[in-house]
Amino acid sequence: MEKLKEALTTLIKVVKTSDEAYSDGKVTLWEWTKIATNSFGLIGAVRNFKEIQAEWVGSTSEQRTELVEWFKEEFDLRNDNIESMIEEFITTLVSLSHLFNKVK
């Protein structure tokens, strides 16, 4: 699940940089530049979409649970309530994924 983790790491960096940039209620040109620079990694995620999808489809429920735990450790926002809501949302999506795999 390395390609998936790479894509999520990029997304986490973009969100974290955006969160920090907006801490004072505005985003400067320099902060936009940092956000844009971190966003370039998303191009790789799009290019590797088929590989990422294959990793996800081929993963076990244990691997997905480990991925959620990894995400929770890596993901951090200034607002703990919003951070918790996003982490719960990711947990729910993975749980639904487990359910849909059982139905197949």
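See the values below:
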read-out	value
Looking only at region 67-87, and only at residues there that are in contact (Cβ under 8 Å) with a residue 12 or more places away in the chain and in a helix (DSSP H, G or I), the one that is farthest from residue 97 (Cα to Cα)	74
Where a residue in region 24-47 is at negative phi and without any contact (Cβ under 8 Å) to a residue 24 or more places away in the chain and its partner, wherever it lies, is open to solvent by 80 Å² or more (accessible area, probe 1.4 Å) and assigned to a helix (DSSP H, G or I), with Cβ under 9 Å and at least six apart	31/20; 31/22; 34/20
Scope region 80-104; condition of a type outside the set (Ser, Thr, Tyr), open to solvent by 40 Å² or more (accessible area, probe 1.4 Å), more than 20 Å from residue 6 (Cβ to Cβ) and out of contact with any helix residue (DSSP H, G or I) (no Cβ under 8 Å at 6 or more places or on another chain); matching residues	80, 81, 82, 85, 88, 89, 96, 99, 100, 102, 103, 104
Unique residue being open to solvent by 60 Å² or more (accessible area, probe 1.4 Å), in contact (Cβ under 8 Å) with a residue 24 or more places away in the chain, part of a helix (DSSP H, G or I) and within 17 Å of residue 94 (Cα to Cα) when the list is 16, 5	5
Matching entry among 63, 53 (being within 19 Å of residue 1 (Cα to Cα), in a helix (DSSP H, G or I) and free of Cβ contacts under 8 Å to residues at least 24 places away in the same chain)	53
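The values are calculated or read from the model by the stated rules, or taken from the named source; none is laboratory data. Being a predicted model, the structure only gives us computed values, none of them experimental. Cβ: placed from backbone, ideal geometry, glycine included. Neighbour counts: every protein chain shown. For accessibility, only protein heavy atoms count, side chains too; no ligands or nucleic acids. Shrake-Rupley method; radii C 1.70, N 1.55, O 1.52, S 1.80 Å.
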